[in-house]
Amino acid sequence: MNGENKIIRNLEVLTEHFIPSRVVHRDGQLKAIRDDLKPILNEMNARNVFLYGSPGTGKTCMARYVLSELREHAPVLTSYINCWKCRSRFKILFNILQDFGMRFSVHRRGQPTDELLEMLGKKLKDSYCVIILDEADQLEDARILYDLTNIPKVSIILIANNETALYDAEPRIRSRLMSSDRIEFPVYNDKEIFDIVKDRTEWGLIPGIIKNSQLESIAKACNGDARVAINILRIVSEDSENQDLDSIPDKLIKNAVSNVTSKKERRMEDLNPHEKLIIKILKGKKSLDSGSVYRELQELAEKQGLEKIVDRTFRKYMDGLVKHGFVSSAGQSRWRIYSLAE
Ligand SMILES: Nc1ncnc2c1ncn2[C@@H]1O[C@H](COP(=O)(O)OP(=O)(O)OP(=O)(O)O)[C@@H](O)[C@H]1O
Ligand SMILES: [Mg+2]
């Protein structure tokens with residue numbers, strides 16, 4: 001924030017992780033999540049929740065929104081885990097314990113997973129907790145769901161893009177998943193996206209700097225993905241600010257709209273060794289069919305002393321790489337062709 005700004009009043013409002021004080025067009029989903037968690041207010045176990053829907057439909061935002069509300073009304077512990085970044089059971093438990101204020105010395109990093117589970121159980125003797133497991137389709141080991149749901153006073157909010165995520169988990173895990181409250185997040189229409197970005201302009205920009213017609217063209221370009229819409233708004237605002245303009249010109253909007261991608265900004269370091277190999281295989285090639293990528297991966301993995309992965313894991317990795325903007329794909333299932341994203 002800067003008194004001399006001509007366009008931007010508060011840049012944070014235009015970033016992905018900002019949790020708005022008002023959310024719109026998700027009343028049904030909000031009510032459902034609130035109802036599921038309500039028992040905690042009376043010191044009773046809450047229901048587990050499963051949120052699913054396309055990218056940019058507000059799943060992460062609503063889950064975090066409801067938890068921050070809940071924290072205001074009850075002494076509940078909460079933790080947010082992104083399973084793309086924390087995939088192993090150990091890492092997930094370690095991060096949950098850290099979120100709950102447990103401090104570890106370095107040597108404790110080598111602690112066995114079961115000990116961490118035990119510590120969590122003890123910590124929760126006298127408090128309820130809700131854990132968000134976001135991007136759960138990227139979990140390396142779905143047993144963590146079993147571990148967590150077995151601890152009294154723990155509720156989880158699981159988030160994934162597809163309703164069928166984790167369908168292939170073992171039966172005892174699946175049955176827990178089936179009994180959770182399944183809440184769908186449909187894709188937004190243009191009007192709904194308009195309302196979402198309109199709110200952001202009111203909080204984040206100087207009044208009158210952007211026209212409704214411009215917000216409409218942003219809404220139209222983003223195919224119902226609110227993340228993309230907010231990103232476009234941030235880009236055009238920053239560009240206008242940097243060029244010392246007094247308002248946002250149509251030309252900038254047109255450019256930003258034509259460059260739309262739903263790419264997420266992910267860092268290479270977050271990739272696991274197999275995913276890094278996949279990137280290496282695709283580098284320098286125009287494109288490669290799924291079967292060839294898989295075969296080359298197995299060969300390279302073996303050479304490097306990494307374990308081979310099963311087909312299901314391979315598909316999970318490819319889906320993740322596509323979703324996070326590292327790789328582009330074309331075609332269906334087995335005939336799918338992959339290339340490195342621009
Ligand atoms: N109904 C809404 N009201 C206000 N802001 C919203 C709403 N829905 C989404 N947003 C904002 O849009 C952006 C994308 O939403 P979010 O991150 O929740 O999507 P998602 O469904 O979790 O997507 P993905 O599956 O890709 O993770 C966030 O910045 C979020 O704050
Ligand atoms: Mg999300």
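The values are calculated or read from the model by the stated rules, or taken from the named source; none is laboratory data. Just so it is clear, the model here is predicted, and its values are computed rather than measured. In this analysis, Cβ positions are derived from the backbone assuming ideal geometry, glycine residues included, and neighbour counts consider all displayed protein chains.
Where helices (runs of 4 or more DSSP H) fall entirely within the range 192-264, those with at least 1 residues that are more than 30 Å from D319 (Cα to Cα) and either small (G, A, S) or in contact with a Gly (Cβ under 6 Å, 6 or more places away or on another chain) (or both) are at 212-221, 226-242.
Rundown of residues vs (1) within 14 Å of ligand 1 (Cβ to nearest atom); (2) closer than 30 Å to I248 by Cβ; (3) of a type in the set (A, V, I, L, M), yes/no style:
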| residue | (1), (2), (3) |
| --- | --- |
| I159 | yes, no, yes |
| S175 | no, no, no |
| R200 | yes, yes, no |
| G204 | yes, yes, no |
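One line per residue, one yes/no per condition, for (1) free of Cβ contacts under 8 Å to residues at least 40 places away in the same chain; (2) under 30 Å from N231 (Cβ atoms); (3) not hydroxyl-bearing (S, T, Y):
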{"site": "T60", "(1), (2), (3)": "no, yes, no"}
{"site": "S127", "(1), (2), (3)": "no, no, no"}
{"site": "I132", "(1), (2), (3)": "no, yes, yes"}
{"site": "P152", "(1), (2), (3)": "no, no, yes"}
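Selection over the range 54-85 of residues that are within 9 Å of ligand 1 (Cβ to nearest atom) and part of a loop (DSSP other than H, G, I, E, B) gives a count of 5.
Yes/no per residue for (1) among the hydrophobic types (A, V, I, L, M, F, W, C); (2) outside any loop (DSSP other than H, G, I, E, B); (3) more than 7 Å from ligand 1 (Cβ to nearest atom); (4) not assigned by TED's automatic domain parsing to the domain that holds D319:
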residue: E12; (1), (2), (3), (4): no, yes, yes, yes
residue: R22; (1), (2), (3), (4): no, no, yes, yes
residue: D36; (1), (2), (3), (4): no, yes, yes, yes
residue: L41; (1), (2), (3), (4): yes, yes, yes, yes
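Just one of the numbered conditions (1) under 28 Å from the mean Cα position of the chain (by Cα); (2) modelled with pLDDT under 95 is not true of K285: (1). Do we have I173 as among the β-branched types (V, I, T) and outside the structural domain of R87 (by TED's automatic domain parsing) here? When the stated conditions are applied, I173 does not pass them.
Screening the candidates G305, G325, G291 for the property of being in a loop (DSSP other than H, G, I, E, B), exposed (fewer than 13 other Cβ atoms within 10 Å of the Cβ) and not assigned by TED's automatic domain parsing to the domain that holds I230 yields one hit, G305.
Out of I196, I206, I need the residue that is within 16 Å of ligand 2 (Cβ to nearest atom) and either under 23 Å from the mean Cα position of the chain (by Cα) or touching a residue at least 12 places away in the same chain (Cβ under 8 Å) (or both). Which one?
On the way: I206 fails: within 16 Å of ligand 2 (Cβ to nearest atom).
The conditions single out I196.
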